[in-house]
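A quick write-up on the structure given underneath.
The values are calculated or read from the model by the stated rules, or taken from the named source; none is laboratory data. If you're wondering where the values come from, they're calculated on a predicted model, not measured in any experiment. Note: ideal-geometry Cβ built from the backbone for every residue, glycine included; neighbour counts use all protein chains shown.
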Amino acid sequence: MLTEYRYDPKEHNTKSVYLLHHSSRMQNTVLEQSLTIERDNFGAFKPTVELKDFPRGLSDRESMLKLADWLHRLSVAIEDNWSEP
């Protein structure tokens with residue numbers, strides 16, 4: 001879902017912020033994170049994902065597996081939203 005859009009007519013730059021949402025029935029959790037996409041006047045595409053509320057107190061292994069899970073779930077949310085024209 002698009003939550004913010006900015007266009008700078010002078011610089012011809014755009015910034016779009018999307019809220020990515022993924023529900024997991026298996027884990028009984030909902031993951032929501034922001035994806036920011038910036039484009040400059042040359043068409044360069046710069047995506048940024050900000051991971052908020054990442055769990056604390058995990059070991060390095062647990063943290064990396066949690067990160068992999070979150071990135072996978074975010075990729076599923078992106079594919080679900082943008083696979084259809």
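Some points to look at:
- Total residues in region 55-85, condition exposed (fewer than 10 other Cβ atoms within 10 Å of the Cβ), modelled with pLDDT of 95 or more and of a type in the set (Phe, Trp, Tyr): 0
- Residue within region 43-56 that is free of Cβ contacts under 8 Å to residues at least 12 places away in the same chain and in contact with a Pro (Cβ under 9 Å, 6 or more places away or on another chain) present: no
- Residue in region 59-66 that is among the polar types (S, T, N, Q) and touching a strand residue (DSSP E or B) at 6+ places or on another chain (Cβ under 8 Å) present: no
- Every residue from region 4-29 that is more than 14 Å from Ala77 (Cβ to Cβ), among the polar types (S, T, N, Q) and surrounded by fewer than 13 Cβ atoms within 10 Å (Cβ to Cβ): Gln27, Asn28
- Considering Glu4, Glu38, Glu50, the condition of being of a type in the set (Asp, Glu), within 14 Å of the chain's Cα centre (by Cα) and modelled with pLDDT under 95 is satisfied by Glu50 alone.
- Total residues in region 54-75, condition under 17 Å from Asn28 (Cα atoms) and not hydrophobic (A, V, I, L, M, F, W, C): 5
- You will find that of Lys46, Lys52, the residue that is among the charged types (D, E, K, R) and surrounded by 10 or more Cβ atoms within 10 Å (Cβ to Cβ) is Lys46 and no other.
- The one condition from (1) touching a residue at least 12 places away in the same chain (Cβ under 8 Å); (2) touching a Leu at 6+ places or on another chain (Cβ under 9 Å); (3) under 18 Å from Asp80 (Cα atoms) that Ile37 does not meet is (2).
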